[in-house]
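The values are calculated or read from the model by the stated rules, or taken from the named source; none is laboratory data. This structure is a prediction, so every number in the text was calculated from the model and none was measured. Here the Cβ positions follow ideal geometry from the backbone for every residue, glycine too, while neighbour counts run over all protein chains shown. Only protein heavy atoms, including side chains, enter the accessible area calculation; ligands, DNA and RNA are left aside. Shrake-Rupley method; radii C 1.70, N 1.55, O 1.52, S 1.80 Å.
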Amino acid sequence: MNIDIRKNIIDNFKGSDIEEIKTSIVSSISEHQEITLPGLGVFFELLWNNSDESNQTEILNTIKKGL
């Protein structure tokens, strides 16, 4: 069986509004469960791919600060 996690997650959230997406992210982070990491990874991939170089630098600085 070949499952496309990216496609499934994107399809699941296509009709969602900003508040629903935020709630999902906050819930996923607060649960500290490994199963939510792929979904957060897909969100991060979307963020990264839709950011210009300046925003990517800001993202990297924020990650570095958090480490």
| said: At 1.4 Å probe radius, can you tell me the per residue accessible area of the chain in Å²? | reply: 86 Å²
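Between the DSSP loop rule and a limit of at most 14 other Cβ atoms within 10 Å, which trypsin sites (Lys or Arg not before Pro) in the chain are left?
On the way: sites: R6, K7, K14, K22, K64, K65; in loops: K14.
Hits after loop and neighbour filter: K14.
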| task | Express the C-alpha Rg of segment 7-64 as a ratio against the empirical globular expectation 2.2 N^0.38 Å, rounded to two decimals. | result | 1.20
| note | In degrees, nearest 10, the alpha-carbon axis of helix 37-49 is tilted away from the dominant principal axis of the alpha carbons of the chain by 50 degrees
| request: Specify which residue in the list N2, N61, T36 is farthest towards the positive end of the charge dipole of the chain, using unit charges on the beta carbon of Lys, Arg (+1) and Asp, Glu (-1), about the Cα centre. | output: N61
| Check: the chain dipole with +1 on Lys, Arg Cβ and -1 on Asp, Glu Cβ, in debye | 140 debye
